[in-house]
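None of the figures in this text is laboratory data; all of them are computed from the coordinates on show. Owing to the predicted nature of the structure, the values given are computational and were not obtained by experimental measurement. Every residue, glycine as well, gets a Cβ built from its backbone with ideal geometry; the counts of neighbours run over all protein chains shown.
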Amino acid sequence: MASSKKPTIKANEQKWGKENIEAGWTLIPNALLVHQASLGLSPMDLNILLQIARYWWEPDNHPFPAKKTLADCIGVTPRAIQKRIQEMEKAQFIERIERRESKSGSKTNIYRLTPLIKALLPYSKDMIAERENRKQEDKERPNLRGKPKLKVVGDDD
């Protein structure tokens with residue numbers, strides 16, 4: 001069960017180690033991890049999305065890693081990355097924007113995850129509702145810690 005307390009950088013350093021956090025980290029919604037199969041995302045798709053998210057630092061500055069960079073990190077060919085990105089485009093999980101430069105030709109594509117964010121919303125809302133329901137059930141459940149202890153009545157009384 002996810003805690004309502006927000007983790008701090010220091011807490012993450014305690015979990016993962018200071019050097020590992022200092023090397024860089026990426027925020028990913030749990031709904032994406034929990035509902036990967038429900039969304040129809042393959043393990044390769046999720047891996048590609050995680051790699052793209054690694055380059056997304058500012059909300060309006062969408063990432064533009066090279067397919068070769070993604071492929072090298074995952075251990076596949078750039079063509080495999082290209083095929084999966086095309087499939088995710090068709091499934092409306094990612095938006096690819098071609099960048100062209102007049103002198104040198106093409107540049108790396110920009111990838112917008114806005115369609116994926118929209119696709120995650122119903123799952124996220126369900127997860128929030130489930131968590132709130134559990135909280136309410138926990139409040140309504142009798143608290144055994146506050147009950148008085150039972151006394152054993154013996155012959156000594």
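As a rough footprinting exposure proxy, the listed residues Ser102, Ser38 were ranked by other beta carbons within 10 Å of their own, and the order from fewest upward is Ser102, Ser38. Rounded to the nearest 20, the size of the Cβ-charge dipole of the stretch 28-134 about its Cα centre is 400 debye, with Lys and Arg at +1 and Asp and Glu at -1. Counting only aspartates and glutamates at least 8 places from Lys10 when in the same chain, those with an alpha carbon closer than 16 Å to its own are Glu19, Glu22.
Counting only residues at least eight positions apart within a chain, or on another chain, the lysines with an alpha carbon under 24 Å from that of Lys139 are Lys5, Lys6, Lys125, Lys147, Lys149. The mean sequence separation of alpha-carbon pairs under 8 Å and at least six residues apart, normalised by the residue count of the stretch 28-134, gives a relative contact order of 23 percent. Checking every one of the chymotrypsin sites (Phe, Trp or Tyr not before Pro) in the stretch 1-106 against DSSP loop status and a limit of 11 other Cβ atoms within 10 Å picks out Trp57.
The angle between the Cα long axis of helix 43-53 and the main principal axis of the chain comes to about 80°, on a 0 to 90 degree scale.
Given [x] -0.44, -0.51, -0.89; [y] -0.78, -0.83, -1.02; [z] -0.61, -0.70, -1.06 as candidate values of log10 I(q)/I(0) by the Debye sum over Cα atoms at q = 0.11, 0.12, 0.16 Å⁻¹, which corresponds to the one derived from the coordinates? Identified label for the calculated read-out: [z].
In a DSSP loop and with at most 10 other Cβ atoms within 10 Å, the trypsin sites (Lys or Arg not before Pro) in the stretch 18-123 are Lys103. For Lys68, the lysines whose Cα falls under 26 Å of its own Cα, not counting residues fewer than eight places away in the same chain, are Lys83, Lys90, Lys103, Lys107.
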